[in-house]
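The values are calculated or read from the model by the stated rules, or taken from the named source; none is laboratory data. This structure is a prediction, so every number in the text was calculated from the model and none was measured. Here Cβ is always computed from backbone atoms with ideal geometry, including for glycine, and neighbour counts include all displayed protein chains.
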Amino acid sequence: MHTDDEQLNNTSSDMGQAENMPNFDQFSHSFAPDLNRFLIWLCKDPDLAADVGQETWLRAWKSWHKLRDAKAAKQWVLTIARREFYRFLDRRRDYHMTLEDAIISNPQHFATSDESHNDDVREALWKLEDDYREPLALQVLMGHSTEEIAEIMGMKQGAVLTRLFRARKKLQAELIKDNEFIGPRSNNITPIM
Amino acid sequence: MIENIDCIAFKRDCGADPQGIVANTKLLNHQMACAPCADFYQSMLALDLKLSAAFDLPIHEATVEDQLSATQVHKQADNVITFKKPNMQKFKPVFAAAASVLVAAFGIFALQYPVGALADEVVEHIHHEPHLLTLTQANTSADEIKMVLKQANIKLADDSLEILSAKLCPLDGQLAAHIVVRGESGQPVTVMIMPENDTRGGKIKTNRFNGRILPAEHGALAVVGGKKENLDHLETAVLNAFQWQD
């Protein structure tokens with residue numbers, strides 16, 4: 001397992017911290033909501049996501065002075081967050097949060113009465129296998145390229161592309177089944193093969 | 001309809017990264033010349049719009065502030081921790097009273113985890129949740145407490161402790177029960193029950209906290225109060241009250 005410092009080797013040089021590095025407080029406040037969203041989708045448990053987020057920010061803060069590449073900051077923090085979560089899973093192999101558990105324990109994150117048009121899509125996303133949902137969240141929610149996702153997840157880019165393709169295929173099938181409109185014309189949905 | 005190789009490749013690439021099509025001249029040209037692929041492209045863009053809205057879960061500002069407050073507290077805290085070998089004699093009566101909880105022989109030092117690192121993790125975690133250090137009344141219902149303890153595989157053997165808060169937290173890669181009880185002084189005292197840490201115990205002393213890590217039947221317990229909190233009786237009460245389920 002890589003340490004935070006080892007991860008930093010990919011984003012640092014021997015020079016001092018770059019002048020264009022964002023202030024930690026500014027960066028963390030602007031990025032924390034998105035990181036929290038990603039962690040909820042990753043953990044399927046908002047309470048656990050909040051705790052993993054705390055650990056992540058504390059570790060990021062401790063090593064922030066070593067970060068050299070401002071552009072890499074988000075990817076670096078995401079890598080710490082994923083590692084924290086999977087470290088937790090490694091030690092708690094019996095941990096398993098089902099969709100039902102998640103809804104019961106955290107209804108405020110799932111009852112979206114003010115935006116009910118998202119309910120079907122969210123439900124389909126929750127049902128999606130973790131292996132497919134995670135790269136999709138990194139791409140659609142966090143805005144990472146497939147190359148960056150491959151780095152974050154420690155996979156080959158081809159494997160990421162395959163997962164993303166299959167994720168959309170599964171989602172489309174699920175939403176068509178639920179009569180959710182997803183295409184340019186509701187009577188002319190183009191299946192994904 | 002029989003798709004040619006370009007259509008198959010287009011759908012494969014577009015299905016994996018619809019936004020990336022604009023950067024690929026070959027794919028862009030293909031969809032401009034192929035109506036089914038153009039429809040497919042539009043449907044993928046529409047799907048991504050919906051996904052983007054669905055992924056965008058509401059995040060409460062308080063949650064973010066709470067997460068980030070840990071770093072603020074940590075910055076301000078003078079976190080000098082010293083560790084001393086525990087006084088074995090002092091624990092003897094406690095072991096006898098809570099034999100089902102404690103490791104029977106304190107001399108079996110099957111150490112797998114340096115106590116300094118564990119204590120550091122515990123103090124760090126307490127700093128993460130500063131609002132729990134100012135609790136004046138319970139913020140967790142009896143049912144919730146029971147559920148947390150059950151998930152941590154612990155039962156409450158008596159009702160000598162006034163539990164103010166109970167939750168499960170990831171700590172050092174395990175799910176620990178983070179419990180806050182009222183101390184002798186009336187101030188909150190943190191009890192961390194860590195089922196996967198083997199330790200011989202140790203003392204926690206910082207400018208803000210004092211406490212002790214105690215070995216237990218399954219893992220370890222940490223009892224941490226304010227700098228001036230007298231924990232002697234509370235440690236015994238905690239060891240008696242929290243018992244591991246078989």
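Of the residues making up the stretch A:122-165, just one is more than 8 Å from chain B (Cβ to nearest Cβ), in contact with a Phe, Trp or Tyr (Cβ under 7 Å, 6 or more places away or on another chain) and among the hydrophobic types (A, V, I, L, M, F, W, C), namely A:142. Is it the case, given these coordinates, that residue B:229 is under 14 Å from residue B:126 (Cβ atoms) and outside any strand (DSSP E or B)? Spelling it out, residue B:229 is indeed under 14 Å from residue B:126 (Cβ atoms) and outside any strand (DSSP E or B). Scan the stretch B:194-211 and tell me whether some residue there is buried (at least 18 other Cβ atoms within 10 Å of the Cβ) and either in contact with a His (Cβ under 7 Å, 6 or more places away or on another chain) or not assigned by TED's automatic domain parsing to the domain that holds residue B:122 (or both). The answer is yes; a qualifying residue exists.
Rundown of residues vs (1) within 15 Å of the chain's Cα centre (by Cα); (2) under 30 Å from residue A:81 (Cα atoms), yes/no style:
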site: B:143; (1), (2): no, no
site: B:161; (1), (2): no, no
site: B:166; (1), (2): yes, yes
site: B:182; (1), (2): no, no
site: B:205; (1), (2): no, yes
site: B:214; (1), (2): no, yes
site: B:225; (1), (2): no, yes
site: B:240; (1), (2): no, no
